[in-house]
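See structure below.
Please treat every number below as a calculation from the coordinates, not as lab data. A quick note: this is a predicted structure, and the numbers were derived from the prediction, not measured. All Cβ positions, even for glycine, are placed from backbone atoms using ideal geometry, and neighbour counts span all protein chains on display.
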Amino acid sequence: MGLIARWIEQPRSVWLRRVLFQVHLWTGLGLGVYIAAISLTGSILVFRVELLNHFDRGPVQVAAVGERLDETEIEAAARRAYPGYDVTRTFEGREPDVAVEVWLERDGRRLQKLFDPFTGRDLGNAVPAGIRFTSWTLELHDSLLLGETGQVVNGAAGVLFTLLSLTGIVVWWPGRRAWRRSLYVQIRASWKRVNWSLHSTAGFWTAALLFVWGLSGVYLVFPGPFMTAADLIEPFDPENFEPRIVDEAMAWLARLHFGRFAGLGGKIVWAAAGLVPPLLLGTGAVMWWNRVVRRGASGADDA
C-alpha cells in the first residue's frame, strides 16, 4: 500500500502524521497561556465600539455654587490632592458647570483626574473604569502590554498559531472509514472519549477560522511580506487607480481578524468562536495528561 493510500485508510501508520502530531501537541502546549489570553481578549474586543459607547458617560456636571476657580487655582488643588505629581495639561469644559480634567505625571506615570471647578474637590478618574478596562484589554491583545516588543512576539506567535491550525487538520483526519464520526461529539462514550471527540469536532469546524486568525495576526504585525507577495501576484499599475483584488484581499484579512464586518449577530458568532481555542487547549491538555503524564507515572510505579 502506497503512502497516499495508507494516509487515506490508516493515517496513524504514516510516519509524517506522527511527526505532525508531535508538532501540533507541543506547539499547542507551548502556546497555551498565550492562546487563552489572546482568544479571550479578542472575543471581548469584537464589541470594542459597543463597550466604549456604553461606558462613555459624557461631561460630568457639578453644582455651580460660589465663585468658579481659575485654571491656576484648579491646578494648585490638583497638586495638593496628589503631592509629587506635576500638572501637564488641563481641559475645561464648554459649560462652566462641567468638571475640569487635569493630567498629572510622576516618574512616567500619568493620572487623569476630574476636579470640581468651584470647590477644587477631586472627583476621581476622568476615564470611566469600563473604558480603562477596554483599553487595557486592547493593549494586552495588541502588544501583550509590552509595547513594540509585544507586537513582535504577537507576530511570531501568529506564525505558530497558523502552524497549529494546519497541523490540526492533518492530525484530525481519522481515515476513510471513520471520518464521519469525527464530525460530531460522541456524548454517549466514556469521558475520555467525549473529551477527545470534543477536541476533534471543535477543531474541525473552526479550523478555517483559526487559520485566518493566525494568518491575519501575522499580517497585522508584519504587513511587508504580504504586500510584497501581493505586488508579485498583481503588480501595481500607477495609471490605474482602481483597487486591486489583492488589496481588497488584504483589507478583508484585517476585517475577518476583528469580526467587525457584520452586524450584532455576526459579532456574537465571532466572539463565541473566540472561545474555541481555550476549549481546544483545555481538552488537548487533558488528553496529553492522560496519555503521557499519567501513563508515564503508572509505568514508573509499575517498575
Practice problem: Take the chain, connect every pair of alpha-carbon atoms lying under 10 Å apart with a spring to form a Gaussian network, then pick out the residue of 107, 86, 116 with the largest mean-square fluctuation. | Solution: 107
Quiz item: Residues with amide H under 5 Å of residue 123's amide H, sequence separation 5 or more or different chain, H placed in the peptide plane at 1.01 Å from N; which?
Solution: 114, 115, 116
Quiz item: Which whole-Hz couplings ³J(HN,Hα) result when phi for each residue of region 185-196 is put into the Karplus expression 6.51 cos²θ - 1.76 cosθ + 1.60, θ = phi - 60°, listed in order with x for Gly and Pro?
Solution: 7, 8, 6, 9, 8, 5, 5, 5, 5, 4, 4, 4
Practice problem: Round to the nearest 10 and give me the degree value, 0 to 90, for the angle of helix 223-233's Cα axis relative to the longest principal axis of the chain. | Solution: 60 degrees
Practice problem: Could you tell me which trypsin sites (Lys or Arg not before Pro) in region 148-182 are loop residues by DSSP with no more than 15 other beta carbons within 10 angstrom of their beta carbon? | Solution: 176, 177
Quiz item: Where nothing but the Cβ of Lys and Arg (+1) and of Asp and Glu (-1) is charged, how large is the charge dipole of region 151-303 around its Cα centre, in debye to the nearest 20?
Solution: 1360 debye
Quiz item: Mind listing the phi-derived Karplus ³J(HN,Hα) values for region 89-101, rounded to whole Hz, using 6.51, -1.76 and 1.60 with θ = phi - 60°, and x for any glycine or proline?
Solution: 8, 9, 10, 9, x, 6, 9, x, 9, 10, 4, 9, 8
Exercise. For region 121-200, run through the chymotrypsin sites (Phe, Trp or Tyr not before Pro) and keep only the ones in DSSP coil with at most 11 other Cβ atoms within 10 Å of their Cβ.
Key: none
Practice problem: Evaluate the relative contact order of region 71-127 (contact order divided by residue number), counting alpha-carbon pairs under 8 angstrom at least 6 apart; express in whole percent. | Solution: 28 percent
Exercise. Give the span of the chain's Cα atoms along each principal axis, as three whole-Å numbers ordered largest to smallest.
Key: 93, 69, 36
Practice problem: Convert each backbone phi in region 236-251 into a coupling constant with the Karplus relation 6.51 cos²θ - 1.76 cosθ + 1.60 (shift: θ = phi - 60°), then list the ³J(HN,Hα) values in order as whole Hz, x for Gly and Pro. | Solution: 6, 10, x, 9, 10, 9, 6, x, 6, 4, 5, 5, 5, 5, 5, 5
Quiz item: Using modelled backbone amide H atoms (1.01 Å from N, in-plane), which distant-in-sequence or interchain residues come within less than 5 Å of residue 62's amide H?
Solution: 98, 99
Quiz item: For the chain, which span is the longest to avoid every loop-located (per DSSP) member of GluC sites (Glu not before Pro) having at most 12 other Cβ atoms inside 10 Å?
Solution: 68-238
Quiz prompt | Rg followed by Dmax, in Å, when region 168-280 is reduced to its Cα trace | solution = 18.8, 65
Quiz item: Cα axis of helix 147-172 to longest principal axis of the chain: angle in degrees, 0 to 90, nearest 10?
Solution: 30 degrees
Quiz item: How high is the relative contact order of the chain, in percent, counting Cα pairs under 8 Å that sit 6 or more residues apart?
Solution: 22 percent
Practice problem: Calculate I(q)/I(0) for region 16-160 by the Debye formula, one identical point scatterer on each C-alpha and no solvent, and give its log10 at q = 0.11, 0.17, 0.18, 0.21 Å⁻¹ to two decimals. | Solution: -0.61, -0.98, -1.04, -1.19
Quiz prompt | Rg and Dmax of region 71-127, Cα atoms only, in Å | solution = 10.3, 33
Quiz item: What value, in deg cm²/dmol to 500, does the helix sum -39500 (n - 2.57) over DSSP H runs of n ≥ 4 give at 222 nm once divided by the residues of the chain?
Solution: -20000 deg cm²/dmol
Quiz prompt | Given charges at beta-carbon only (K, R positive; D, E negative), |dipole| of the chain in Debye | solution = 2660 debye
Exercise. Could you work out how far helix 32-45 tilts from the main Cα principal axis of the chain, as a 0 to 90 degree angle to the nearest 10?
Key: 50 degrees
Quiz item: Can you list the trypsin sites (Lys or Arg not before Pro) in region 14-65 that are in a DSSP coil and have 11 or fewer other beta carbons within 10 angstrom?
Solution: 57
